[in-house]
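The values are calculated or read from the model by the stated rules, or taken from the named source; none is laboratory data. This one's a predicted model, so the numbers in the text were calculated from it and none came from an experiment. A quick note on method: Cβ atoms are made from the backbone with ideal geometry, for glycine too, and the neighbour counts reach across all protein chains shown.
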Amino acid sequence: MIKLTPHEQKILDLVKKNPEIIHNPEKRKEIANQEGFTEKTLRNRMGDLKKYGVLPGSEESGSSINTDFDDIDLFRIGQILWSSKFEIIRNVFIVSILSVVLAFMLPKTYRSSAIIMPPVSSNERGIFGSGSGMFALESLLSPTSSSDANTFLAILKSHTIMQSVIEKFNLMEFYNVENSEKAQQSLENDTNFEIDEEGTIRVETYVKTGWFHSDEDEEICKVLSRDITNYFVAKLDIVNKRLKSEKAMQHRMFIENRYNQNIIDLAISEEKLKTYQEINKTVAIPKESNASISVSSEILSRITIQKVRLGMLENTLAETHPEVQILKSEISELEKELSNVPDLVLKLGRLMRDVEVQNILYTFLTQQYEEAKIQEAKDTPTVQVLDYAVLPQLKYKPSRARVCIIGFVLSTVFSMYFYYFRKRWQLSARTINN
């Protein structure tokens, strides 16, 4: 004998007391209102009882399928699902098997990564970093570590390097595309360049197999992911060295021109002083002029040096750059200070001062010129690699276990929903047909 829920037993008792509600909709509505639920609910429950064989069929018919599921309890849901347990288990089994097959058929993705040390701003004695005081030019043109890191990222993402990688590894054929632009789009999607929290630069390459791949295809993708990553690092160093060399050449040419001009200016100043002394037959000046000569000579020397520094900066930086504005301000202040020096310097003092200034500038430019030539000829690596890419042993994705679990869960949930609502629809349909 079928076991009824308390609610179904209550409906059965109502039918026994009022059998006319089986065939009389008006009476059924009246009894339902008296008991505190709707006529639809009473009719649905009566339909369930007819399904169980507890009540006889009705001659009543309706015009539409009733999908009202009010008052469905967990016990009733369990009964419906249990009655369809074999169908649910069959569907879950089939979908789970298909999920396992799919997990082994899906393309595998392999990842290789290299770690580059963050660039260090050069404060070494070099093209712009020797001396002290008014000769100290270190860090004037050296970018910060952060800007160097961003420069590295820009180089890695550049069209030049991307196309070089495509040609090196024949990626147009690998991606099965007809032009290099589409190959570059695919390569950009399969690469990742980022700055880690520690400040290091990470270079990653993802290479994916095709569907129904073989072990040989997997090995090809492993090797390709490693080689492309290391090639990115190698090309980064090559391009960065070339850019630095071009920049050093520009500075060397600027300093060389200024150095050659200084030699000419120094020779002219010395010749003027010699001629003046020969004409006036004197090599001395009054003591009261010494202080004025010394002060004006020092200021003029500082102005000359600062103008050289300004020229270096303007050769590489914009006019609105803070360093350029600072130097212009310093030169302006020095010129004001020079204008306040009493005009007590005689012609001889001015000539001696000019020679002294050109000698100071000559010493400075000689040192800078030699260092500029060394910097331009330098061919040392500019990229420090902490970790080179190695052959990946494990796939990056997909996770087979995750695919199988998702397939099992979804098939279980959808199967339960499907058979539950189908059973409810069948019960409603039978109720209406009866």
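Some notes on this structure:
- Residues (part of a loop (DSSP other than H, G, I, E, B) and without any contact (Cβ under 8 Å) to a residue 60 or more places away in the chain) located in the stretch 1-12: Met1, Ile2, Lys3, Leu4
- Checked against the criterion of being touching a Leu at 6+ places or on another chain (Cβ under 7 Å) and in a helix (DSSP H, G or I), the stretch 191-214 contains not a single residue that satisfies it.
- Selected residue (criterion: surrounded by the fewest Cβ atoms within 10 Å (Cβ to Cβ)) from residues of the stretch 393-412 that are of a type in the set (A, V, I, L, M) and assigned to a helix (DSSP H, G or I): Ala401
- In the set (1) hydrophobic (A, V, I, L, M, F, W, C); (2) modelled with pLDDT of 85 or more; (3) in a loop (DSSP other than H, G, I, E, B), Ala154 fails one condition alone, (3).
- The residue that is farthest from Leu102 (Cα to Cα), counting only those in the stretch 191-218 that are out of contact with any Ser or Thr (no Cβ under 6 Å at 6 or more places or on another chain) and hydroxyl-bearing (Ser, Thr, Tyr), is Thr200.
So that you can scan it fast, the table gives a plain yes or no per residue for (1) at pLDDT 80 or above; (2) more than 21 Å from Glu87 (Cβ to Cβ); (3) under 35 Å from the mean Cα position of the chain (by Cα):
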site: Val357; (1), (2), (3): no, yes, no
site: Gln367; (1), (2), (3): yes, yes, no
site: Glu376; (1), (2), (3): no, yes, yes
site: Asp379; (1), (2), (3): no, yes, yes
site: Thr382; (1), (2), (3): no, yes, yes
site: Ile405; (1), (2), (3): yes, yes, yes
site: Ser411; (1), (2), (3): yes, no, no
site: Ser415; (1), (2), (3): yes, no, no
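- Of all residues making up the stretch 371-392, the number that are surrounded by fewer than 14 Cβ atoms within 10 Å (Cβ to Cβ) and either free of Cβ contacts under 8 Å to residues at least 60 places away in the same chain or farther than 30 Å from Val207 by Cβ (or both): 4
- Restricted to the stretch 191-227, and to residues there that are of a type in the set (Phe, Trp, Tyr) and exposed (fewer than 13 other Cβ atoms within 10 Å of the Cβ), the residue that is nearest to the chain's Cα centre (by Cα) is Trp211.
- All positions within the stretch 236-291 that are modelled with pLDDT under 85, in a helix (DSSP H, G or I) and β-branched (Val, Ile, Thr): Ile255, Thr275, Ile279
- Only residues that are of a type in the set (Val, Ile, Thr) and touching a helix residue (DSSP H, G or I) at 6+ places or on another chain (Cβ under 6 Å) were counted across the stretch 391-415, and they come to 2.
- Within the stretch 13-34, the set of residues being in contact with a Ser or Thr (Cβ under 9 Å, 6 or more places away or on another chain), closer than 11 Å to Met46 by Cβ and free of Cβ contacts under 8 Å to residues at least 24 places away in the same chain comprises Ala32 only.
- Condition met for Tyr259 (in the same structural domain as Ile161 (by TED's automatic domain parsing), touching a residue at least 24 places away in the same chain (Cβ under 8 Å) and touching a Ser or Thr at 6+ places or on another chain (Cβ under 8 Å)): no
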